[in-house]
Amino acid sequence: MRKLIQAPNAALATLWADLLGQAGIEASVQRYFASGIAGEIPPDQALPEVWVHDDEQLERARTLLADLRRPVWRRWLCPGCGERIDGPFDSCWQCGALMPA
């Protein structure tokens, strides 16, 4: 079991661990409740951490997490309604049409 990353809060750590799990990488959140003793220990030691259970999947997890943290920014026109879509979205926010290939 190896530490992948330290998260700024428990919600984000849990989200990252869940997304890794959906990709087939077993991960867990450690120090989930350590923020409650932040004054007793150094602040950087009180942040939650995401750990990967299988050491061989660590590099794959790092790559996947980097992709999740920096989504591809695209600009496209909706084929259904003509709305301009900016960002990492695969469907139109207005009519729900999928991004053209």
**Request:** Given the conditions (1) surrounded by 13 or more Cβ atoms within 10 Å (Cβ to Cβ); (2) closer than 25 Å to residue 1 by Cα, report the number of the one that residue 67 does not fulfil.
**Result:** (1)
**Prompt:** Only one residue in 75, 60 is part of a helix (DSSP H, G or I) and either on the phi < 0 side of the Ramachandran plot or modelled with pLDDT of 95 or more (or both). Which one?
**Reply:** 60
**Message:** Can you tell me which residue is farthest from residue 1 (Cα to Cα) among those in the stretch 51-64 that are touching a Lys or Arg at 6+ places or on another chain (Cβ under 6 Å) and surrounded by 13 or more Cβ atoms within 10 Å (Cβ to Cβ)?
**Reply:** 58
**Item:** Meets criteria (surrounded by 10 or more Cβ atoms within 10 Å (Cβ to Cβ) and in contact (Cβ under 8 Å) with a residue 40 or more places away in the chain) for residue 79
**Value:** no
**Request:** Report whether or not residue 86 is assigned to a helix (DSSP H, G or I), exposed (fewer than 15 other Cβ atoms within 10 Å of the Cβ) and either of a type outside the set (S, T, N, Q) or modelled with pLDDT of 95 or more (or both).
**Result:** no
**Prompt:** Which ones in the stretch 32-57 are assigned to a loop (DSSP other than H, G, I, E, B) and among the β-branched types (Val, Ile, Thr)?
**Reply:** 41
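The values are calculated or read from the model by the stated rules, or taken from the named source; none is laboratory data. Not measured: the values here are computed from a predicted model. Every residue, glycine among them, receives a Cβ derived from its backbone with ideal geometry; neighbour counts consider all protein chains shown.
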